[in-house]
Each structure stands twice: as structure tokens, then as C-alpha cells.
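Enquirer: Below is one structure. I have some questions about it.
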Amino acid sequence: MTPEPEPTPRDWWKSAVVYQVYPRSFADSDGDGIGDIPGIRQHLDHLENLGVDVVWLSPIYRSPMDDNGYDISDYHDVDPSFGTLDDLDGLIADLHARGMKLVMDLVVNHTSSAHQWFQESRSSRDDPKRDWYWWRPARPGHTGGEPGAEPTNWGSAFSESAWTYDPGTDEYYLHIFAASQPELNWENPEVRQAVYAMMNWWLDRGVDGFRMDVINLISKVVHDDPPDLRDGVVGGPDRQAGPIDTVRFGDPGPYVLHGPRVHEFLQEMHQAVFAHRPAGLLTVGETPATTVEQGLLYTDPARGELDMVFQFEHVDLDSGPGGKWDVVPMTPADLMASLARWQEGMGDVGWNSLYLGNHDQPRCVSRFGDDSPEHRVRSAKALATVLHLHRGTPYIYQGDELGMTNAPFRDIHDTRDIESHNAYRAALSRGLDAEQAMAAIRYKGRDNARTPMQWDATEHAGFTTGFPWIEVHPDHVTVNVATQADDPDSVLAHHRRLIELRHQEPVVVHGSFATVPLDDDRVHAFVRRLDGRELLVVANLSSDDALEAALPDAADWLDAELVLSTAGQPDEQERIVLGPWEARVYRRG
Ligand code: NOJ
């Protein structure tokens, strides 16, 4: 008799590692220069060898691709550039056969303006779906379409106003992102039911959960007296708006982030979609401008909302009051202090998702590490060590397991992203010259993370046999999967060891977290503890040599087992002295 399979605990994702695939840039199977689902299926050995448990697939739905698929025109079909529904079913089956799961991207704060729902909604003020989106007349005393007539002064995340005038019905519609991404009106129960039905359709098809795009924006503040949406503060000190330029526009943050019904909607979604299903699913909400207190509300299992959230505090550290492109300095100490606040704050109630990069952020080694030839490998390993050994579920963005770096964009023509193009245009219209406008885009533009995955040293990095939709990084000749796969000192091998350690050591998954304060703010240390087992992580997050991690009990730790190191076995030491970007992990108990 075959034994009953072990029941999967509902929080299986605590010991899991997630790998994000950005399909457009992962692997192209048919030579059209755009990555696709068959391409992903050809590279599953890489994911299995790395040891990841879950793949998060950025959107593959039918889309005009204004925002590379985050503008969905049909939630029930695959975009032909990525393949077919059969290809997707095949991918799900392949992953399941290898013991991995597939999490889809769920983009339901907005649709594409090409979605049937919006087409109907915009067709007339009396259409039954009119209220599925946010339509408003021109500001009182103004004529629709003239400057300043927008219903509120809100800026959008992709530059300029959050309202677009639609002459057909002489009203404006709201879009916090591009004009082709109108916001769905979650106040309307029909919208919510349509979304839940679609989610159930995908889960019934075999997907294992959702990463929910900007899910904390689904409830807006609609005032009673006077009724309606209100102007935001311009140039306020407490801006909440992440990428939005709140120097030139009103800050929509207080009206669209964590709105009054967001928890009610998420609880309703949980009941309608997840609660009745067996264990094994994962939900992660993308929640910009979230505080620890809000993070606890979203992820406390007793509340039935989300398993975890992507908070943005650490990726907003280098943004000034002018928004994302207003770059301000940030140090590794700022990064570590922010991450530690989340580690301590989420405690035993909530759960963190751990990430340093994704398709919206520059490459983490270029931003938080040192991507010079001398320090790239070391700093990529040190950052990964710190991240993976925090408490939470780690997310690896494709290529970060190799230490891929920001791209050397020559000018705006090398970039493809709607966000960068809009920002560039806005910067020029404010009087900046091309080089000034490019400086921020080179550092922070999202295309940095979207250059093709580097499989080998051949032309186009083995990504495509055709002409890639965006140029391959020239460093693919040295930074690629083929050269790292069998090299025990590679960034890739280091990621493999970190994942293995999480899978073997309950202290990595469940242990408590405590920062060890040190005088030198280039050196960081924390201890994880569980049932008498202790792990110490020490890291020099700088390119400076010979820095001491002056822990009070350093001598004791030096006698403990060194389980992982980014710089081999250290010489006999009486103190913990670290080389540039050196990280070590000691274990005892
Ligand atoms: C967040 C997604 O990650 C990003 O890529 C997208 O542009 C916006 N949401 C709008 O969907």
C-alpha cells in the first residue's frame, strides 16, 4: 500500500526560495528576439540545479505590451509573443514534475485600455461597465482637455498627470501608471467578483498562487463632504508616492495607498479564492509605501489577507522628494538599518519577503554592492548572504544569481521602458539636457534589470538566435550561466549553497533575528536563534579591506563551525577581520 502523502503545511513557503522569471528577457525559443514560454521550459535544469522551489512568472497574458505585460487586455489568454495556453499548461506540468511551483502575476489594480471591459466602459456614460473604472468630469469651472482641468492634481507613477481626457464622453479616467493602464474601480462589487472568478479559473488550471501587482492601491479614498476625490499636497514633506514627482504634482499617496477598504477587499478575496482550497498556494502582495505596522496587518495569518508583502522602504532609500529620478545618496548602513527594522518589526506575527532586485529595480550588485571588476563577485555574494539568511522568503531575480550588473546604456535609444521614456521626456521639458536626464535613468532605469538573461558567451548570450528586443549586456562574455555552473567560487554556486542551507537548517527559516550593533557602519552582524542552535552572519558591506567585526563574543564564534564564507577559510585569527565584501556564517549549538 502506498503511504498517504505528508500533508503540506499551510506555511510551506516559509522554507521556500522563489525565482522571478521576466519572460520577455529569459529565453527566446523561436528567434523573434522576445523570450517565451517554450524558452523557459528549455531552461528548467538551471532552476532545478539552483534549488529554487517556486517560479514567479511576470505577466504572460495577452497585452499591447505598453508596460511589457503589466497592461493586460485578456486575463484568460497568453500573449502570442510568449506562446499559447498549451505552452503554459506544459510549463506548469514540467515545474510540478520537478517539484517546483508556479506563481502567476496578478495585475488587477488596472487593466490595459485595450481590455474589453474598458472598451465598453469608455463607450458611453450610460454603459453598464462605466462604473468599472474611475471616470470624472473636468474640474468645476474648466473645460475638459484644457490644461489644469484634470479632476485632481495627482501625478502618475509614469510622469505627468494621473488623469487622461477622453473626448468621446467628455470625461477623464484615472491611471496611477501609464495612460493605457486605467484603474479598475474596486468599489463596484461586479469588478471584484469578475477578478475572483478569474483567479479561481487560474488556480483550477493548476497555478500555485499569485504575486499581486500594487495590490495596496485597490481602495481609494472617496470623501463624503464634499463628495469625491481630493487634490493631493504639492511639495509636502511627508510624501508617500514612491516614484511620483510630488514637487510638480499633487501626491495621490494618501488617497490611493492603503485605502479604507483595502483590508476588507483582501479578506473578501481570501474567502472567495483561497480559504476553501487545500494548502500549497502562495500569495505575495506588491505594496509600495508600506510601513511595518501596515505590513503586519496584511500578513498576520489570523486576518486572512496575504502570506507576505513586498515592502519598498529599502528600495526607496535613494529617492528624494522629486520621486524616483531625484536620486539621493544611500549607504549599506542605511540598507541594513531598514532591513533590520522589518526583521524586528514583523516578529512572530507577520512574514517578510526578502528581495534586493526585480524587474522594476536596477541590478542589486550595481546599486547596493560594487560592480567594478575587482569587487563584483564578492559584493554579489556578500549581499546574497545577508539577504538569504534574514528571516523571510527570499526572491531571486533572474540574473542576480550570476551577479549581473546595470547596463551601459549609451543614450535613451538603448532603453525600451515606458517609464524611462516618459521620465526622459519630462526631464527635457523641464530644461535638463540629454546627459542630465540619462544620469538617473542609467542608475535607476528598469531596463537595467531587463537586458537578456546571460546563458553563455556566444552572440546574444544564448538568449536568442535572432535580434534581441533590448541589447544584451556586453559583459555576457564573462558573466554567464555556462561559465559559473561548474565553478565552485561563482556567484551562482554561492546562491546554491545559501538555498541548500535554508533547506537544511530550520534556524534559517524559523529562527529569531537579532542585530549585533557594531561601531563600524560598514560591518554588519546578526544572529539567528532556534532551540539552542545559533547562526552568526557577519559581513563587510564595503570595498575597504581589513575591517574588524568587533563582536563582544568574537573569540567564541571563531571556535564555532564556519558553514559558509565568501572568501574561503580565513587564516588563524583571534579577531574577526574581514576583507572587502567578505561575509561569513558561523554555526553553533
Ligand atoms: C508594478 C510592476 O511591478 C511594474 O512593472 C508595473 O509597471 C506597475 N506595477 C504597473 O503595473
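The values are calculated or read from the model by the stated rules, or taken from the named source; none is laboratory data. This structure is a prediction, so every number in the text was calculated from the model and none was measured. Neighbour counts run over all protein chains shown; Cβ positions are idealised from the backbone, glycine included.
Enquirer: Suppose we keep only residues that are outside any loop (DSSP other than H, G, I, E, B) and within 16 Å of the ligand (Cβ to nearest atom) within segment 139-163. Which one would you say is surrounded by the fewest Cβ atoms within 10 Å (Cβ to Cβ)?
Expert: Per the stated criteria, the residue is Gly155.
Enquirer: Looking at segment 337-349, which of its residues are of a type outside the set (D, E, K, R) and either touching a strand residue (DSSP E or B) at 6+ places or on another chain (Cβ under 8 Å) or assigned to a helix (DSSP H, G or I) (or both)?
Expert: Ala337, Ser338, Leu339, Ala340, Trp342, Gln343, Gly345, Met346 - these are the residues of segment 337-349 that are of a type outside the set (D, E, K, R) and either touching a strand residue (DSSP E or B) at 6+ places or on another chain (Cβ under 8 Å) or assigned to a helix (DSSP H, G or I) (or both).
Enquirer: Does Pro580 meet the test of being on the phi < 0 side of the Ramachandran plot, outside any strand (DSSP E or B), buried (at least 16 other Cβ atoms within 10 Å of the Cβ) and not aromatic (Phe, Trp, Tyr)?
Expert: yes
Enquirer: Taking the stated definitions as given, is Val523 in contact (Cβ under 8 Å) with a residue 40 or more places away in the chain, of a type in the set (Val, Ile, Thr) and within 23 Å of Leu47 (Cα to Cα)?
Expert: So Val523 fails the test.
Enquirer: So, one more: Within segment 563-577, track down each residue that is assigned to a strand (DSSP E or B) and more than 32 Å from the chain's Cα centre (by Cα).
Expert: Correct list: Val577 only.
Enquirer: Would you mind finding the one in Val386, Val327 that is farther than 22 Å from Trp581 by Cβ and of a type in the set (A, V, I, L, M, F, W, C)?
Expert: Exactly one of Val386, Val327 is farther than 22 Å from Trp581 by Cβ and of a type in the set (A, V, I, L, M, F, W, C), namely Val327.
Enquirer: Next question. So Glu305 ticks every box in (1) farther than 25 Å from Val233 by Cβ; (2) at pLDDT below 95 but one. Which box is left unticked?
Expert: The one condition Glu305 does not meet is (2).
Enquirer: Of all the residues that make up segment 164-194, how many are more than 13 Å from Tyr133 (Cα to Cα), part of a loop (DSSP other than H, G, I, E, B) and more than 16 Å from the ligand (Cβ to nearest atom)?
Expert: Summing the residues that are more than 13 Å from Tyr133 (Cα to Cα), part of a loop (DSSP other than H, G, I, E, B) and more than 16 Å from the ligand (Cβ to nearest atom) in segment 164-194 gives 4.
Enquirer: If you don't mind, there's one more thing I want to ask. Do any strands (runs of 3 or more DSSP E) entirely within segment 32-138 hold 2 or more residues that are touching a strand residue (DSSP E or B) at 6+ places or on another chain (Cβ under 6 Å) and over 30 Å from Pro488 (Cα atoms), and if so, which?
Expert: 74-78, 101-106
Enquirer: Moving on to the next point. Out of the residues in segment 441-466 that are buried (at least 21 other Cβ atoms within 10 Å of the Cβ) and among the small types (Gly, Ala, Ser), state the one that is farthest from the ligand (Cβ to nearest atom).
Expert: Per the criteria, the residue is Gly462.
Enquirer: Condition check: within 16 Å of the ligand (Cβ to nearest atom), polar (S, T, N, Q), in contact (Cβ under 8 Å) with a residue 12 or more places away in the chain and farther than 20 Å from Pro468 by Cα. Does Asn109 satisfy that?
Expert: yes
Enquirer: Being farther than 26 Å from Asp71 by Cα and either within 16 Å of the ligand (Cβ to nearest atom) or assigned to a loop (DSSP other than H, G, I, E, B) (or both) is the filter here, so list the residues in segment 412-437 that pass it.
Expert: Selection gives Arg430, Gly431, Leu432, Asp433.
Enquirer: Looking at Gly232 and the list (1) modelled with pLDDT under 95; (2) of a type in the set (Gly, Ala, Ser); (3) on the phi > 0 side of the Ramachandran plot; (4) away from the ligand (no atom under 16 Å from the Cβ), which single condition is not satisfied?
Expert: The number of the failed condition is (3).
Enquirer: Any residue in segment 528-543 that is assigned to a loop (DSSP other than H, G, I, E, B), within 30 Å of the chain's Cα centre (by Cα) and buried (at least 21 other Cβ atoms within 10 Å of the Cβ)?
Expert: yes
Each row is one residue, and each column tells you yes or no for (1) among the aliphatic types (A, V, I, L, M); (2) free of Cβ contacts under 8 Å to residues at least 60 places away in the same chain; (3) at negative phi; (4) touching a Pro at 6+ places or on another chain (Cβ under 6 Å).
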site	(1), (2), (3), (4)
Thr483	no, yes, yes, no
Ala493	yes, yes, yes, no
Val508	yes, no, yes, no
Arg533	no, yes, yes, no
Leu536	yes, yes, yes, no
Ala539	yes, no, yes, no
Asp553	no, yes, yes, no
Val563	yes, no, yes, no
Arg588	no, yes, yes, no
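Enquirer: Does segment 28-58 hold any residues that are within 13 Å of the ligand (Cβ to nearest atom), touching a Phe, Trp or Tyr at 6+ places or on another chain (Cβ under 6 Å) and of a type outside the set (Ser, Thr, Tyr), and which are they?
Expert: Of everything in segment 28-58, nothing turns out to be within 13 Å of the ligand (Cβ to nearest atom), touching a Phe, Trp or Tyr at 6+ places or on another chain (Cβ under 6 Å) and of a type outside the set (Ser, Thr, Tyr).
Enquirer: When segment 280-297 is examined, which residues are found to be within 16 Å of the ligand (Cβ to nearest atom) and under 29 Å from Asp204 (Cβ atoms)?
Expert: Thr283, Val284, Gly285, Glu286, Thr287
Enquirer: In segment 352-406, how many residues are assigned to a helix (DSSP H, G or I) and among the aliphatic types (A, V, I, L, M)?
Expert: 9
Enquirer: In segment 253-300, what residues are more than 11 Å from Asn216 (Cβ to Cβ), assigned to a helix (DSSP H, G or I) and modelled with pLDDT under 95?
Expert: Within segment 253-300, Pro254, Tyr255 meet the criteria.
Enquirer: Test Val103 against the criterion of being of a type in the set (Val, Ile, Thr), within 16 Å of the ligand (Cβ to nearest atom) and within 23 Å of Ala449 (Cβ to Cβ), and give yes or no.
Expert: yes
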